[in-house]
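To start, the structure under review is shown below, and the notes come after it.
What follows is calculated from the coordinates using simple rules that are stated; it is not laboratory data. None of these values were measured; they are calculated from a predicted model. In this analysis, Cβ positions are derived from the backbone assuming ideal geometry, glycine residues included, and neighbour counts consider all displayed protein chains.
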Amino acid sequence: MAQFRFAFLLQLARDEREDAARKMQEAQASWLTAQGKFQQLDGYRAEYRARLTAQNQGGMTVAQWRDYQLFLGKLDEACSLQQQEIQRLELRYQQLRAVWQEKDRKVSAFEALQQRHDKAELLREGKQEQKLLDEFNSRLKRN
């Protein structure tokens with residue numbers, strides 16, 4: 001059977017697809033980690049607000065109130081920044097996913113070419129065998 005002449009390109013495309021998949025998985029892990037961090041921050045913010053409410057019912061000084069408000073503002077800002085980071089990482093993941101999909105289509109195209117090549121080679125070999133059998137049978141009949 002003749003070798004598939006695009007075998008090197010097929011292997012290169014497979015390697016590129018694997019590399020793209022690895023990068024996509026790393027981006028997804030970063031995105032999910034960022035979401036986890038946001039959930040932690042948001043939980044802490046909710047807990048701190050609940051503490052403020054409880055403390056406020058028992059009474060607090062103006063300085064304590066101001067400190068709570070300043071810290072809540074910092075938590076709000078941290079949550080906002082973390083949401084921006086989540087959006088950035090999600091966009092990066094989507095971009096890398098699109099790259100992986102393109103690499104996968106390229107591999108599929110080369111694999112389709114290889115299948116056609118293999119099918120054509122089997123057909124050619126079958127015809128070659130049939131030709132040899134026909135020649136052998138015709139020689140037997142002559143002898």
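Side notes on the structure shown:
- Normalised by the number of residues in region 7-142, the average gap of Cα pairs under 8 Å and 6 or more apart makes the relative contact order 48 percent.
- A value for Kirkwood radius over Cα pairs in Å was derived from the coordinates, and within the list [x] 21.3; [y] 16.0; [z] 16.7 it appears as [x].
- A straight chain from Ala7 to Gln114 at 0.36 nm per residue would run longer than the Cα-Cα distance by 37.7 nm.
- Total lysine pairs under 24 Å (Cα atoms) in the chain, excluding pairs fewer than 8 apart on one chain: 9
- Dipole of region 7-142, positive direction: furthest Cα of Gln35, Gln95, Trp65, with charges on the beta-carbon: Gln95
- Potential lengthening between Glu121 and Asp134 on full extension [0.36 nm per residue; Cα-Cα distance subtracted]: 2.7 nm
- Using Cβ point charges alone (K and R +1, D and E -1), the dipole size of region 7-142 about the Cα centre works out to roughly 440 debye.
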